[in-house]
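Okay, structure first, notes after.
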Amino acid sequence: MIISDKQDLKKCVKKIVRHAAVSDTHLVFNPTTDDVGIDALLSNVPGGRRLLDEQGTEETLLSHDALSMYSALDALGLSVQHLEEARTLQESYSREGWIREILDIAPVRKVFIEFPFSQSVPAELSDDRFVPLVRIRPESVRITKYGINWKSEAEQIFEYAGTLGTRHLMVQGYHEQLLSYCVLPLCEDQGMILHLWFDSGKEIDRFIRLAQAFPSVRCILHAASQEEEHLIDAVPPSTRMMTVISNPNHYRDALAALGLSFLPFCSDEKMPEQMLGRWIINREYLIDALTDHYLILARAGYELTTERIERDIDRMLTVNLDAFCE
């Protein structure tokens, strides 16, 4: 069916986005040991218990954390007015079953979860949608009286990644020597994928120049919220670099500059419940941004169909990342 009416268009986009699977590029959660459930959620959200205690006050609670928490609880069918009943419902699940329920409700295709380099390796992950991400920090590099043996560091990182069964490395904190002499050569030699975080526009520009010496390395790039617009401008769509947009206020700029070639979700949360709430909020921003862009096409005579829109959204939310990581 060809869609041209604004209201019909928004209904179509909303329905597709709300039912489509999404991939989260970063969750700070160990599925074997970290807490899940209502009490842990309230403890992890700043002022979580106070938010629930004050729901009957005159002030409407509109903070991002409050909206995320309420959205997650509602999606999971847990009543904030009857916490004891909600706890009983949650406790009827096994730990693995509860995590699986959260991922199903989102729904999630894959979630990258970080494991600090050299941390003990879990015997088995509770869900095959979890993808281990080896976190490497510059301060974790071992310095001996002879300096740094970058080859040895790379070998140990590769061995640790092998025990996790992953090809994904994550560097937090820009360190040119670590990237130049260890991580980028390792990624180039072993076909590993680099996930990199930037805190400033200067770091972004320096890395773009550095990466030219490693043309086969694939990179998934994140930036601090205030630097995402710089990242959008600096990294053109390519087969070796993917831009992640975690601030939903930047979706319109990303669509205008990158089309569908960016990754629209990085929860950066500590619990699956928080990830669920964050996606519920972010996808409403994405629905509005996509509708506005599609509307311009429709008014220009472009034939938009439900099938075309569904294909586009699937590509943005999961297919692009799957293809990039093959």
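The values are calculated or read from the model by the stated rules, or taken from the named source; none is laboratory data. This structure is a prediction, so every number in the text was calculated from the model and none was measured. Reconstructed Cβ throughout: ideal geometry from the backbone, glycine too, with neighbour counts over all protein chains shown.
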Answer yes or no as to whether LEU194 is under 24 Å from LEU231 (Cα atoms) and at pLDDT 95 or above. yes
Collect the residues in the stretch 61-90 that are among the hydroxyl-bearing types (Ser, Thr, Tyr) and in a loop (DSSP other than H, G, I, E, B), keeping them in residue-number order. SER63, SER79
Show the residue pairs meeting these rules: Cβ distance below 7 Å; 6+ apart or different chains; first residue within the stretch 286-304 and closer than 23 Å to ASN247 by Cα; second residue among the basic types (Lys, Arg) and not in a helix (DSSP H, G or I). none
List every residue pair whose Cβ atoms sit under 7 Å apart, with the two residues 6 or more apart in sequence or on different chains, where the first one lies in the stretch 81-92 and is surrounded by 14 or more Cβ atoms within 10 Å (Cβ to Cβ) and the second, anywhere, is part of a helix (DSSP H, G or I). LEU83/ILE38; ALA86/ILE38; ARG87/ILE38; GLN90/ILE38; GLN90/TRP98
Boolean, GLY162 is in a loop (DSSP other than H, G, I, E, B) and closer than 30 Å to LEU103 by Cβ: no
So TRP197 ticks every box in (1) in contact with a Gly (Cβ under 8 Å, 6 or more places away or on another chain); (2) not in a strand (DSSP E or B) but one. Which box is left unticked? (2)
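For the condition among the β-branched types (Val, Ile, Thr) and within 30 Å of ASP233 (Cα to Cα), what is the one hit in ILE157, ILE208?
Answer to the selection: ILE208.
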Would you pick out the residues in the stretch 73-83 that are over 22 Å from VAL22 (Cβ atoms) and either of a type in the set (A, V, I, L, M, F, W, C) or at pLDDT 85 or above (or both)? VAL80, LEU83
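Table: residues versus (1) under 30 Å from GLU96 (Cα atoms); (2) outside any helix (DSSP H, G or I).
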{"position": "HIS250", "(1), (2)": "no, no"}
{"position": "ALA254", "(1), (2)": "no, no"}
{"position": "CYS266", "(1), (2)": "yes, yes"}
{"position": "ASP288", "(1), (2)": "no, no"}
{"position": "GLU307", "(1), (2)": "no, no"}
{"position": "LEU317", "(1), (2)": "yes, no"}
Can you pull out every residue in the stretch 224-240 that is within 18 Å of HIS168 (Cα to Cα) and assigned to a helix (DSSP H, G or I)? none
Exactly one condition in (1) in contact with a helix residue (DSSP H, G or I) (Cβ under 6 Å, 6 or more places away or on another chain); (2) aliphatic (A, V, I, L, M); (3) not in a loop (DSSP other than H, G, I, E, B) is not met by LEU260; state its number. (3)
Could you give every pair whose Cβ atoms fall below 8 Å, whose first residue belongs to the stretch 253-264 and is more than 14 Å from MET241 (Cα to Cα), and whose second residue is assigned to a loop (DSSP other than H, G, I, E, B) and not β-branched (Val, Ile, Thr), counting only separations of at least 6 or pairs across chains? ALA254/PHE262; ALA254/PRO264; GLY259/PRO237
Within the stretch 211-240, track down each residue that is at pLDDT below 95 and surrounded by 21 or more Cβ atoms within 10 Å (Cβ to Cβ). VAL235
Scanning the stretch 1-59 for residues that are farther than 30 Å from HIS293 by Cα, modelled with pLDDT of 80 or more and polar (S, T, N, Q) gives ASN30, THR32, THR33, SER43
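Among the candidates LEU221, LEU210, which residue alone is part of a helix (DSSP H, G or I) and not small (Gly, Ala, Ser)?
On the way: LEU221 fails: part of a helix (DSSP H, G or I).
Exactly one residue qualifies, and that residue is LEU210.
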With the checklist (1) among the aromatic types (Phe, Trp, Tyr); (2) modelled with pLDDT of 95 or more; (3) over 21 Å from VAL131 (Cβ atoms) in hand, flag the one item TYR70 doesn't pass. (2)
Whichever residue in the stretch 94-142 is modelled with pLDDT of 95 or more and in a loop (DSSP other than H, G, I, E, B) and, among such residues, is surrounded by the most Cβ atoms within 10 Å (Cβ to Cβ): ALA106
